[in-house]
Amino acid sequence: MFKIVSKRPLNEAKTVVEFVIDAPLVARKAKPGQFIIFRIDEYGERVPVTIAASDPKKGTVTIMVQPVGKSTKMLNTMEPGDCLADFVGPLGRPTNMEGLKKVCVIGGGVGNAIAYPVAKGMHDRGIQVDMIAGFRSKDIVILEEEMRAGTDHLYITTDDGSYGEAGFNVTKLQALLDAGEQYDEIMCVGPTRMMQRVCEATKPYGVKTIASMNPIMLDGTGMCGACRLTVGGETKFACVDGPEFDGHLVDWDGIIQRGAYYAQEEKEAAEHICRITGGVREHG
Amino acid sequence: MANMRMDKNPMPEQEPLVRNKNFDEVALGYTAEMAIDEAKRCLNCRRPACVEGCPVNVHIPQFIAKVAEGDFDGAYGVITSTNSLPAICGRVCPQETQCEGRCVRGIKGESVGIGRLERFVADYHMTDGHKDGPPKLPEPNGHKIAVVGSGPAGLTCAGDLARKGYDVTVFEAFHKAGGVLVYGIPEFRLPKAIVAKEIAKLEYFGVKIVTDAVIGRAESVDELFEQGFEAVFIGSGAGLPQFLRIPGENLLGVFSANEILTRTNLMKAYLPEYDTPIRLGRRVAIVGGGNVAMDAARCAKRLGAEEVYVIYRRSMEELPARKEEVEHAQAEEIIFKLLNNPVEIVGDETGHVTGIKVIKMELGEPDASGRRRPVEVPGSEYVIDVDAVIVAIGTSPNPLILSTTPGLEATKKGGIVADEATGATSRAGVFAGGDAVTGAATVIKAMGAGKVAAAGIDQYIMGK
């Protein structure tokens, strides 16, 4: 069992919630870019979530979750002191930082929760990091202070102009590239469509662009093939070959189709969340 | 006096058209009377060929003699002196190519039902056994051994070592121990309660099981040595599912058998109280002819598919699945499309599977495997309308351990190189066995390898 040490919402709208979990084995090895899989209880799904931070001394791992589906909503009903049945990791390959001097990290919405630890990890290693954090509106902005402290330049954009610069994050990136900013690499994390747009925008500039993929996953250890995607014409497994891939080689249309396979089941499950009572399930 | 009837006592089973709608066990097991009657068919040969056919060398005539006498506890003692997991073997071993395939009674009639008797004895022991009290625990010898993977290879290795007094810890990546026995083989063929009981027995002998532990990520093999483990057995199994490399393979509704079996068996997607979703549709095609293909086909039927096809490029004679599984599948109205090879998976404009295009095959000259090579019949392509395709054509070894353990030699196919006689790898103190070495094989072969490695580890530690 893995105890929830603390929990806090990361914005006023409470669209993203941070959980610190007691998981010493995972904490010892976790590196930026890797993920964990949690399971609420015996009946729960295996849910993959990127590691936001880890503290090997305290033995804790931080995850940031957007409560949108049944499992994440159930997680959100749990409180410090409650336990998750399973919390396994670290899984996937860590972010490659070798040979990088200057990088732009671009996140969209809750993707910033994943982009931030990568940006900070790079910054901690002396890599110059510009970060563009895009949000729909002011009320869902997360981690502003942390991102500002953990990068060299932080640009916040909101689609509706209610905070930071008005417009999409990808528009800001385009502006930076047009203004002559040179990056060894651009790293994007966010909704699939956003990452696809970033990759399309950077292609003409010939800047290597890495996308952090989050496909449907089941075991997370390279056994089931549910997370497969086509990269450069080859079938890859996000859980063991990724989750980060060269965004210019990724077959984006295929990913968008695959990601929606259980949309109907997810919708129905989320609607039936009335079964949940304070994080504890009742079974007759 | 031996029972000279030609046929085996038939196995009581659920009716095919009832069982193909539920996940309860298909085969119901012998009664004591049936078991004694069947045991009397054994001639107790002076040179028992059956034992040579068994990868873990169960003393078959001896245990069967005990069954014939009605001494079921005694029979259990004989079996478990060489086999740690009899309730599992009795259910899933391909007896027809092993023990029963060598049985002299099989020359003129049917072989003795060795697998059925083994199952009977193990099940009897679980419910009515232990008359002499719990078995004696071995004297601890103070040596710590790590086992990576809790499938048949790992559990067998752990069980054998624990019985010798070793302090054994098994690391499992999933949330539940058992490996392929829990995520792969369906409930209707191997009830998970049986697997749990066999594992509990190992725990009784002192085996510790740590779940949610991905060795190679959370801890490396080298770190296990640093923690004081004196030897490490790697039984991490086969990993990456192979796909067909034909057009349409990434359409919605194309799955690996591993995915469907894991959703069904480990995550219990067929039970409404479990959250993991599964959706296959009305018509499902399975590509492949092994046990995994049979399991996937029979799961698909039970999940509500009306038409389930098994597409296999050779003929029934070459089909590698256990005979009983094929017969069960046929009785459950699984449709076999033999001598058919997929060339394309076809879909609609939304990206969903609508069919699988296959080409007819005929058998030509024998190939390297000794089986007649299937050859395409030109112009014979046609489309079978289906809503989902499950690919069950095998797996490649999981690269996680090899890529994180310096000094481990790999085979061309990505397996770990291990000595067949001892399980020893190219690194001192590291042993390996099962699918991680051979690529996808059978439960009993993995158990055999686990057993060999347990002896190899014992020799290694005692010789230090």
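Data for the structure
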{"item": "Meets criteria (surrounded by fewer than 24 Cβ atoms within 10 Å (Cβ to Cβ) and within 13 Å of chain B (Cβ to nearest Cβ)) for A:LEU75", "result": "no"}
{"item": "Single residue of segment A:78-97 satisfying the filter (facing chain B (nearest Cβ under 9 Å) and assigned to a loop (DSSP other than H, G, I, E, B)) that is surrounded by the most Cβ atoms within 10 Å (Cβ to Cβ)", "result": "A:GLY92"}
{"item": "Yes/no for B:THR169 being within 14 Å of another protein chain (Cβ to nearest Cβ), in contact (Cβ under 8 Å) with a residue 40 or more places away in the chain and not in a loop (DSSP other than H, G, I, E, B)", "result": "yes"}
{"item": "Looking only at segment A:211-228, and only at residues there that are touching a Lys or Arg at 6+ places or on another chain (Cβ under 8 Å) and more than 8 Å from chain B (Cβ to nearest Cβ), the one that is surrounded by the fewest Cβ atoms within 10 Å (Cβ to Cβ)", "result": "A:ILE216"}
{"item": "Residue check for A:ILE114: assigned by TED's automatic domain parsing to the domain that holds A:CYS199 and part of a strand (DSSP E or B)", "result": "no"}
{"item": "Matching residues, segment B:225-239, being buried (at least 24 other Cβ atoms within 10 Å of the Cβ) and of a type outside the set (Gly, Ala, Ser)", "result": "B:VAL232, B:PHE233, B:ILE234"}
{"item": "Count of segment A:5-63 residues which are closer than 30 Å to B:GLU273 by Cα, assigned to a strand (DSSP E or B) and more than 14 Å from every other protein chain (Cβ to nearest Cβ)", "result": "13"}
{"item": "Filtered residues of segment B:338-374 (kept if loosely packed, with under 14 Cβ neighbours inside 10 Å and of a type in the set (A, V, I, L, M))", "result": "B:ALA368"}
{"item": "Given (1) surrounded by fewer than 24 Cβ atoms within 10 Å (Cβ to Cβ); (2) touching a strand residue (DSSP E or B) at 6+ places or on another chain (Cβ under 6 Å); (3) among the hydrophobic types (A, V, I, L, M, F, W, C), index of the condition A:CYS188 fails", "result": "(1)"}
{"item": "Index of the failed condition, A:PHE245 passing every other in (1) in contact with a Lys or Arg (Cβ under 9 Å, 6 or more places away or on another chain); (2) under 22 Å from A:ARG46 (Cβ atoms); (3) at pLDDT below 90", "result": "(3)"}
{"item": "Set A:VAL103, A:VAL65, A:VAL129, A:VAL61: member being at pLDDT below 95, buried (at least 16 other Cβ atoms within 10 Å of the Cβ) and within 19 Å of the chain's Cα centre (by Cα)", "result": "A:VAL65"}
{"item": "Those residues of segment A:30-56 which are farther than 21 Å from B:THR211 by Cβ and either buried (at least 24 other Cβ atoms within 10 Å of the Cβ) or under 18 Å from the mean Cα position of the chain (by Cα) (or both), in sequence order", "result": "A:LYS31, A:PRO32, A:GLY33, A:THR50, A:ALA52, A:ALA53"}
{"item": "Pair list, Cβ < 8 Å and 6+ apart or interchain, from segment A:175-201 residues that are among the hydroxyl-bearing types (Ser, Thr, Tyr) to residues that are part of a helix (DSSP H, G or I) and crowded, with 20+ Cβ neighbours inside 10 Å", "result": "A:THR192/A:ILE255"}
{"item": "Residue that is nearest to B:LEU266 (Cα to Cα) [pool: residues in segment B:206-249 that are within 14 Å of chain A (Cβ to nearest Cβ) and among the charged types (D, E, K, R)]", "result": "B:ASP212"}
{"item": "Residue match in segment B:277-293 (condition: within 30 Å of B:ALA158 (Cβ to Cβ), within 13 Å of another protein chain (Cβ to nearest Cβ), surrounded by fewer than 24 Cβ atoms within 10 Å (Cβ to Cβ) and not small (Gly, Ala, Ser))", "result": "no"}
{"item": "Failed item in (1) within 13 Å of chain B (Cβ to nearest Cβ); (2) modelled with pLDDT of 90 or more, with A:LYS70 passing the rest", "result": "(2)"}
{"item": "Test for B:ASN250: is it surrounded by fewer than 24 Cβ atoms within 10 Å (Cβ to Cβ), polar (S, T, N, Q) and touching a Gly at 6+ places or on another chain (Cβ under 7 Å)", "result": "yes"}
{"item": "Which numbered condition A:THR95 misses (of (1) closer than 22 Å to A:ARG8 by Cβ; (2) under 17 Å from the mean Cα position of the chain (by Cα))", "result": "(1)"}
{"item": "Matching helices (runs of 4 or more DSSP H) fully within segment B:44-105 where at least 3 residues are of a type outside the set (D, E, K, R), closer than 24 Å to B:ALA453 by Cα and in contact with an Asp or Glu (Cβ under 9 Å, 6 or more places away or on another chain)", "result": "B:86-92"}
{"item": "Residue within segment B:366-374 that is of a type in the set (Lys, Arg), in a loop (DSSP other than H, G, I, E, B) and in contact (Cβ under 8 Å) with a residue 12 or more places away in the chain present", "result": "yes"}
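The values are calculated or read from the model by the stated rules, or taken from the named source; none is laboratory data. Note that the structure is a prediction, hence the values are computed from the model and not measured. Every residue, glycine as well, gets a Cβ built from its backbone with ideal geometry; the counts of neighbours run over all protein chains shown.
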